[in-house]
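Below is one structure, written out as structure tokens, with a few remarks after it.
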């Protein structure tokens, strides 16, 4: 049998050509031809879609015939990088330094701390891993996240040196396949990565899990979340408007980090629920689309469950389209109310799963078609009166207890098919 030469092309919409080119370059095939589909695509009629598909199929066939034989991208690998970071001459004045960084798109719009050799070296003392060891490959640019490159982002974000093991574990976590970082980084969704710290290290590093834990005022929360964003941007290549295609984004893309309030929770914390020892130190990553405050002063557990379930229901939710794995951040007050009812965490999940079922007919027009296509294999034929669960099963819901006194809890929908990941933090001692 004769061996056939292979060729490859990229297919993307007109608004994503820049992303397509950038990722082709990151994957080592910058000159692949691109078949372009007019944008937007999802709002077009069936007849328009049929015509676009016909034209696109012809374009793909033409480009494949014209492509050079053997023009196939290599397997996904870390983008080329020097094993060690190179020295850059930069201004000594802090204002000029920040202008220098922003001009090169190395910053996030906030003031950065200079990543001098001395500052980076102090951070590297907190791990036994070699500076040039690749911890993870960060999509969509497929950048090699070495220990040293991670440390540099930590310094820029203002992290104390002892925070490095948390950042290393977070980089490993976002690169796990089930987290779907590629989709998270390039989506038009306002997806932000939330870090949840569990175990004794949360107290040692003073990561806030109590009052105001998602807000301002805590060094560890602010700088850890910010450092991960710089890792995603500077190593992963997710620059806003280029590979990061978020339509609006959200403030959580600056920083998004807290601890679980394990002392105030009546249940096992997140990391224990996921199989780690209680005294283990872990960081979890979740792809969150926003935070919805729920103020509920009801005195009965069933009333609060009903209100949370009603809040979780909205037709424009990725969770109902794709069967997600959203988070509910319970205040200690609500968690202990449920505990007094005799409910463990699994029972609360089951009740929330039932209470949050939504009538399928709330999806309109092509959104109804999109939802039924995505969930038909799971649910069978779906009609307007079908009651959609927010996830495939109750266990897919995530519950974390955090915050201070008060009757407020938070619902956090997630982006499409992402699943949160927990990694153990390995300390140098």
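Computed from the coordinates by the stated procedures, all read-outs in this text should not be read as laboratory data. Keep in mind it's a predicted model, so treat the numbers as computed, not measured. With ideal geometry, Cβ positions are generated from the backbone for all residues, glycine too; neighbour counts draw on all protein chains shown.
For the reader, a short list of remarks on this structure follows.
- Anisotropy class of the stretch 10-66 from Cα gyration tensor, a/c 1.5 cut: oblate
- A straight chain from residue 366 to residue 122 at 0.36 nm per residue would run longer than the Cα-Cα distance by 82.4 nm.
- Translational D in µm²/s for the stretch 78-285 (Stokes-Einstein at 37 °C, 0.692 mPa s, Kirkwood Rh from C-alpha pairs): 189
- Centroid-to-centroid separation of the stretch 190-252 and the stretch 326-395 [C-alpha atoms, Å]: 27
- As a length-normalised measure over Cα pairs under 8 Å and 6 or more apart, the relative contact order of the stretch 10-66 settles at 35 percent.
- Taking all Cα pairs closer than 8 Å and separated by 6 or more residues, the relative contact order of the stretch 290-413 comes to 48 percent.
- Projected label points at residue 11 and residue 263, each 7 Å from Cα along the beta carbon direction, are separated by 5.6 nanometres.
- Once the Cα gyration tensor of the chain is diagonalised, semi-axes √(5λ) in Å: 36, 33, 18
- Taking packing as the residue-averaged number of other Cβ atoms within 10 angstrom, the listed peptides 15-26, 289-300 run from highest to lowest as 15-26, 289-300.
- Compared with the alpha-carbon gap, the fully stretched path from residue 254 to residue 303 is longer by 14.1 nm at 0.36 nm per residue.
- Theoretical ellipticity at 222 nm over the chain - DSSP helices of four or more residues, -39500 (n - 2.57) apiece, nearest 500: -10000 deg cm²/dmol
- For the chain: relative contact order, % (alpha-carbon pairs under 8 angstrom, 6 or more apart): 17
- Burial order of peptide ranges 319-331, 52-64 (average beta-carbon count within 10 Å, highest first): 319-331, 52-64
- Bridge type composition, the chain - antiparallel percent by DSSP, nearest 5: 65
- Cα gyration tensor category, rounded, prolate or oblate, for the stretch 303-422 with a/c compared to 1.5: prolate
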